[in-house]
Amino acid sequence: MKPYLLTALLLAAPAAAAQTPSAPSIPATPPSSTAVPGRATSSTATPGTASTLTLRLTAQPGATVQLTSTVRTQITLEDLRLTGPGGQAASTAEAASLRADIQRGLNAASAQAAVSKTFYRVQGRAADGTVTLLTSTVTNMPEQPPLTVRVTQTVAPDGRTRVTRVESDNPQVQAALRGLPLDKLSAQGDMGSDLTGLYGQTFTVGQPRTQTGTLDAQALLGGVFGGMAASMGAGDALGNVKATPLTVRTTTTYRGTNASGQSVFDQRGSAGNWTVELGDLNSKTAAFHVKMELLDLTQSGQSLYRPDGLPAAQSMTQTLRMRATFTQPDGSQMQMTLRLNQNVQAR
């Protein structure tokens, strides 16, 4: 696995934890809500908007929503440092050549906007009011077959969510998903980190509501990479994950309803001081070690909900900075500082 590809994969982990994605993310992102271009629906509250709202999922079984998301990502290599086995620095020419190669790889990975379709379907409603919600996301990958991920979860009347099933038609993705602890995914939703995280909460127009939660990144990433390792036969390398807890702070402000009767929420998020280590220098199949350090993550965006509680649209941007250090068995190292800028439009 090339370093910049592995880096891109690990960059997604803190983004997924802090964002408000169009579907619960499996290690997949937010300017001011009034500055996001291309918004499909006005964010201005109409006169007579109720001053408070408790967001509830009241949609009846069979109700379906389809959102088309366009994700534009840019990853920039800000700094590169190379050292040989003895700690000596690489030549300027060697560093410049490698830097150009890595940036070309990062540019190629983000050259095209990723387009996905997300389908929300209410599958049933229990006697106590608990709703079963199926979220299916189909992502078109360049030169690859479409990738489908389906998440089934329950939403209780008080807003508590529980993920009961995650699956994909792609064998490799399914192998990774098989190792995911579903209770940790449910906890991520309760932190307000996906579109179902606002259900059951009462908001007052114009008053920010802040949540701070800690994500068990060790369990999530350990499950994902453990599943990948098992499918690739690299259990002694990819399966060796060490991650510190990731603390995410999310602020949500209810803006009222727009002319279409949709509830409007502005959201901002931040995270930092997070580390994950992957690999084993003594591995017999793939000896390597990588350390990722989250330096800063900021996000902002806006989410719209229909009167029945189903998502209607979303706009988000995020900026993330990370430092990645790759170590080889002979002691040589490559350290990169990267910046990720991402914009998501879903409607």
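A few points about this structure:
- Bins of 10 Å from zero: percent of alpha-carbon pairs in the stretch 254-311: 19, 24, 18, 18, 14, 7, 0
- Label-to-label distance for Asp101 and Thr325 is 2.3 nm, based on points extended 7 Å past Cα in the beta-carbon direction.
- Each of Arg121, Arg99 was scored by other Cβ atoms within 10 Å of its Cβ. Arranged with the fewest first, they read Arg99, Arg121.
- Net charge of neighbours whose Cβ lies under 9 Å from the Cβ of Thr253, counting Lys and Arg as +1 and Asp and Glu as -1: +2
- Inter-label distance for Gln88 and Thr214, nm, one decimal - labels placed 7 Å from Cα along Cα-to-Cβ: 4.6 nm
- Once the chain from Ala259 to Leu295 is taken as fully extended at 0.36 nm per residue, the excess over their C-alpha distance is 8.9 nm.
- Cα gyration tensor, the stretch 95-139 - rounded (a/c under 1.5), prolate or oblate: prolate
- When each of Phe288, Phe203 is scored by the number of other beta-carbon atoms lying within 10 Å, the sequence from fewest to most is Phe288, Phe203.
- Electrostatic bookkeeping for Trp274 treats Lys and Arg as +1 and Asp and Glu as -1; over the other residues with beta carbon under 14 Å from its beta carbon, the sum is +1.
- Taking other Cβ atoms within 10 Å as a rough exposure proxy, Val344, Val241 sort from fewest to most as Val241, Val344.
- Two-site FRET efficiency, Ala108 against Thr164, from Cβ-Cβ distance with R₀ of 41 Å, rounded to 0.05: 0.65
- Summing charges over all other residues whose Cβ lies under 12 Å from the Cβ of Thr337, with Lys and Arg as +1 and Asp and Glu as -1, gives +1.
Every number in this text was worked out from the coordinates using simple rules, so none of it is lab data. Note that the structure is predicted; figures quoted are calculated from it, not measured. Here the Cβ is made from the backbone with ideal geometry for all residues, glycine too, and neighbour counts use every protein chain on show.
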